[in-house]
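*Asks:* Questions regarding the structure given below will be posed in turn.
The values are calculated or read from the model by the stated rules, or taken from the named source; none is laboratory data. Fair warning: this is a prediction, and the values are worked out from it, not measured in the lab. Quick reminder, even Gly has a Cβ in these numbers, built from the backbone with ideal geometry, and neighbours come from all protein chains shown. Side chains included, ligands, DNA and RNA excluded: accessible areas come from the protein's heavy atoms. Shrake-Rupley method; radii C 1.70, N 1.55, O 1.52, S 1.80 Å.
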Amino acid sequence: MPSFESPALYIDFARLPPPKVIEEIKYEDLLTVYKQQVLAKNPRLAAALNLEQSPTNVILEAEAYGEMIVRERINSAAKACMLPFATGSDLEVIGARFNVSRMAGELDPRLRRRIQLSMESYTTAGSPGSYIFHSLSTSTDVRDATAVTERGTGRVIVTIMANGANPVPSAALIDAIYDRLMSDGIKPLTDDISVLPVIKIPTDIQANITLYPGPDASLVISDINKALTSLRNRVTQIGMDLKRSAVIAALTQEGVQNVDIDFSDINVGTNGVVWINSASVNVSNTREE
């Protein structure tokens, strides 16, 4: 669950405005500029520019295309220097600035998240981001982690969610994370740390839908399945609730006239995760025209 006291935990890179340094490139605009420059220097070439296959046009088209490739390369180079866009070895170089290296088998999104959290690890007060960073840095088997404190007690509860088909981590993984968090240089002296497995809250989605006349039912079901997969990916994090409204929104794709579903809100705390076991969608009817 995001902590709005810590920017590293809730800034969503996907919601940031596009950087101004990333230029929008249009081939036709570049070609127009080249033609205008030629006409400004030699107006007598106007007739040649009106002939699509004239040597003048062919040369200008090649020049415009070449400039488009160069500008795109500049865009790519600029993105490679930015954490939200860098991938592969470019991302690893950014990580090196923060003393964060790629773990064996670690994919870019996970490494990017750890780099984003890494500044939290320098705190001497035991921020939530610090505990999450060190938990994720213990093993790539860790998918998510949260850290909450019982105010006035000094007790910190770190909840761990595992990768794979079962979000509940093994005892060995819990022990490894506990050992790391308790090591010198990481554990604040006054914190009483507990590392616990996430509580799995399983659920199934079963729905009947009514379609408008016309759309191919298989195409509608395909869109619904994609939306449900996206929803599952969004809520499969510690502390994320699954609301009835979100399920209905995923089911109401183009061509769906009505959704009939028996589903109640699932609210979880800071130590639980909603786990959608299955989703079954049946086309029960087609509305008459």
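*Asks:* Check whether at least one residue in segment 172-193 is open to solvent by less than 80 Å² (accessible area, probe 1.4 Å), modelled with pLDDT under 95, in a loop (DSSP other than H, G, I, E, B) and closer than 30 Å to Asn282 by Cβ, and report yes or no.
*Replies:* No, the conditions are met nowhere in segment 172-193.
*Asks:* Residue check: is Ile174 over 22 Å from Leu111 (Cβ atoms) and without any contact (Cβ under 8 Å) to a residue 24 or more places away in the chain?
*Replies:* Against the criterion (over 22 Å from Leu111 (Cβ atoms) and without any contact (Cβ under 8 Å) to a residue 24 or more places away in the chain), Ile174 qualifies.
*Asks:* Take segment 27-44 and flag every residue that is surrounded by 10 or more Cβ atoms within 10 Å (Cβ to Cβ) and under 34 Å from the mean Cα position of the chain (by Cα).
*Replies:* Listed by number, the residues that qualify are Tyr27, Asp29, Leu30.
*Asks:* What pairs come up if the first residue lies in segment 69-84 and is outside any helix (DSSP H, G or I), the second is surrounded by 12 or more Cβ atoms within 10 Å (Cβ to Cβ), and their beta carbons are under 6 Å apart, counting only those six or more places apart or on different chains?
*Replies:* Leu83/Ile94; Pro84/Phe13
*Asks:* Tell me, please, whether a residue that is in contact with a strand residue (DSSP E or B) (Cβ under 8 Å, 6 or more places away or on another chain) and either modelled with pLDDT of 95 or more or open to solvent by less than 60 Å² (accessible area, probe 1.4 Å) (or both) can be found in segment 87-108.
*Replies:* Looking through segment 87-108, none of the residues is in contact with a strand residue (DSSP E or B) (Cβ under 8 Å, 6 or more places away or on another chain) and either modelled with pLDDT of 95 or more or open to solvent by less than 60 Å² (accessible area, probe 1.4 Å) (or both).
*Asks:* So, in segment 268-289, of the ones that are over 31 Å from the mean Cα position of the chain (by Cα) and surrounded by fewer than 11 Cβ atoms within 10 Å (Cβ to Cβ), which residue ends up modelled with the lowest pLDDT?
*Replies:* Filtering segment 268-289 for residues that are over 31 Å from the mean Cα position of the chain (by Cα) and surrounded by fewer than 11 Cβ atoms within 10 Å (Cβ to Cβ), the one modelled with the lowest pLDDT comes out as Glu289.
*Asks:* So, in segment 120-137, of the ones that are out of contact with any strand residue (DSSP E or B) (no Cβ under 9 Å at 6 or more places or on another chain) and in a loop (DSSP other than H, G, I, E, B), which residue ends up most open to solvent (accessible area, probe 1.4 Å)?
*Replies:* Thr124
*Asks:* Tell me, yes or no, whether segment 212-234 has at least one residue that is in contact with a strand residue (DSSP E or B) (Cβ under 9 Å, 6 or more places away or on another chain), open to solvent by less than 40 Å² (accessible area, probe 1.4 Å) and assigned to a loop (DSSP other than H, G, I, E, B).
*Replies:* Among the residues of segment 212-234, not one is in contact with a strand residue (DSSP E or B) (Cβ under 9 Å, 6 or more places away or on another chain), open to solvent by less than 40 Å² (accessible area, probe 1.4 Å) and assigned to a loop (DSSP other than H, G, I, E, B), which makes the answer no.
*Asks:* Are there any pairs, at least 6 apart or on different chains, whose C-beta atoms fall under 6 Å, with the first in segment 200-211 and closer than 16 Å to Thr252 by Cβ and the second open to solvent by 20 Å² or more (accessible area, probe 1.4 Å) and charged (D, E, K, R), and if so, which?
*Replies:* Matching pairs, first to second residue: Asn208/Asp260; Thr210/Arg287.
*Asks:* A further question on this structure: Might you check whether a residue that is buried (at least 20 other Cβ atoms within 10 Å of the Cβ), farther than 26 Å from Ile201 by Cβ and in contact with an Asp or Glu (Cβ under 7 Å, 6 or more places away or on another chain) occurs anywhere in segment 152-167?
*Replies:* The answer is no; no qualifying residue exists.
*Asks:* Let me ask you something else. If the requirement is being touching a helix residue (DSSP H, G or I) at 6+ places or on another chain (Cβ under 7 Å) and in contact (Cβ under 8 Å) with a residue 60 or more places away in the chain, which of these qualifies: Val220, Val283, Val273, Val256?
*Replies:* Val283
*Asks:* Can you tell me which condition Gln237 does not meet? The list is (1) within 24 Å of Asn163 (Cα to Cα); (2) open to solvent by 40 Å² or more (accessible area, probe 1.4 Å); (3) modelled with pLDDT of 95 or more; (4) outside any helix (DSSP H, G or I), and all the others hold.
*Replies:* (3)
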